[in-house]
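Some notes on the structure that comes next.
The values are calculated or read from the model by the stated rules, or taken from the named source; none is laboratory data. None of these values were measured; they are calculated from a predicted model. Don't worry about glycine lacking a Cβ; one is built from the backbone with ideal geometry, like all the others, and counts go over all protein chains shown. Please note that ligands, DNA and RNA were not included when accessible areas were found on the heavy atoms of the full protein model with its side chains. Shrake-Rupley method; radii C 1.70, N 1.55, O 1.52, S 1.80 Å.
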Amino acid sequence: MEKKLIRDMDRKVLGGVVAGLQRSYAPQMDLSLLRVLVAVGGVLIPPLTPVVIVAYGVLWIVAPRSDRMALPPLA
């Protein structure tokens, strides 16, 4: 089965990017932990800050919203 990034609008906080990443690529990982890791990487590690901000923005623009298509059930 092909994995495709879809912004998860049901579990979103900001844009649904992290929830979509978790659903598509790391369903066994806790969503709150992944959000904390992204925030820590973006705030506390200065060389990663612009990378995290740009990557999040690009994914927010490029990835389709989940309300436009059916999402597979969580494992």
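If the condition is being among the basic types (Lys, Arg) and over 11 Å from the mean Cα position of the chain (by Cα), then the range 35-67 contributes only 65.
The listed residues are 3, 12, and the only one of them that is free of Cβ contacts under 8 Å to residues at least 12 places away in the same chain and closer than 18 Å to residue 63 by Cα turns out to be 12. Within the range 28-50, residues that are of a type in the set (D, E, K, R) reach partners that are open to solvent by 60 Å² or more (accessible area, probe 1.4 Å) with beta carbons closer than 9 Å, at six or more positions or on different chains, in the pairs 35/13.
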